[in-house]
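> Below are the structure tokens for one structure; questions will follow.
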Amino acid sequence: MSAGESRATSEADGGYHKLEVYQLAHDLGVRVHKMTTSLPRFEMYEEGSQVRRSAKSVSSNIAEGYVLRKYKNEFLHYLYRAHASAEETVDHLHYLHETQSLTDEQLYRELLEAYHHLNSKLFRFIESVEHQHEPPMFLQEDRETYLPNPSSLNPET
């Protein structure tokens, strides 16, 4: 099974994979990773390492927050971290461009525009969670469906 097939399978499962902000962040993380493979050798372990880490951190924080979405404050904590990592990535891209390590002007502009788009979507997503958060559906359903009958837990009855 190829990596693409594995990802397609997990996306079909739903969860955080269905979130547009996650999809954008993940795709940008991959694009930034690929961009760093063409950086000068000395940047591979300096700014290249930093920009890869911050770019990949965006989607990872969205995923981790989504899993903890039962707790509004935890969810928001990770979404804010994702937003911060996206802004950090933009800063690293500026450094790479200004030091002339990233010489592809078109790629630089495309990545900046894509991160600007992602950051605005992340900001709106955070606002939505702040104002309209509801626990996951499985927590809203009748809890008795998930709880065992108390009499079945007592062997003396």
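What follows is calculated from the coordinates using simple rules that are stated; it is not laboratory data. From a predicted model like this one, the values you see are computed outputs, not experimental measurements. A quick note on method: Cβ atoms are made from the backbone with ideal geometry, for glycine too, and the neighbour counts reach across all protein chains shown.
> Give the span of region 11-131's Cα atoms along each principal axis, as three whole-Å numbers ordered largest to smallest.
On the principal axes, region 11-131 reaches 44, 25, 21 Å in Cα extent.
> Still on this structure: Evaluate the relative contact order of region 11-131 (contact order divided by residue number), counting alpha-carbon pairs under 8 angstrom at least 6 apart; express in whole percent.
Values: 118 pairs, mean separation 33.7, N = 121.
About 28 percent, as a whole number.
> Please compute the modelled spin-label separation between residue 109 and residue 128, points set 7 Å along Cα→Cβ, answer in nm with one decimal.
With each label placed 7 Å out from Cα toward Cβ, I get 3.1 nm.
> Excluding residues on the same chain fewer than 8 positions from residue 56, give the lysines whose Cα lies under 20 Å from its Cα.
18, 34, 121
> Same structure again: How far apart, in nm, are two points set 7 Å out from the Cα along the Cα-to-Cβ line at residue 77 and at residue 20?
2.9
> Putting +1 on Lys and Arg Cβ atoms and -1 on Asp and Glu Cβ atoms, find which of 67, 80, 50 reaches farthest to the positive end of the dipole of region 11-131.
The Cα lying farthest towards the positive end belongs to 67.
> Can you bin every Cα-Cα distance in region 76-142 into 10 Å intervals starting at zero and give me the percent of pairs per bin, rounded to whole numbers?
Spelled out bin by bin, region 76-142 gives 19, 36, 23, 13, 7, 2 percent.
> Still on this structure: Describe numerically, in nm with one decimal, the distance between label points set 7 Å from Cα along Cα→Cβ at residue 94 and at residue 53.
2.0
> Of all chymotrypsin sites (Phe, Trp or Tyr not before Pro) in region 64-111, which ones are in loop regions per DSSP and have a Cβ with at most 13 other Cβ atoms within 10 Å?
On the way: sites: 66, 71, 75, 78, 80, 95, 108; in loops: 71.
For chymotrypsin sites (Phe, Trp or Tyr not before Pro) across region 64-111 that sit outside H, G, I, E and B with at most 13 neighbouring Cβ atoms in 10 Å, the list reads 71.
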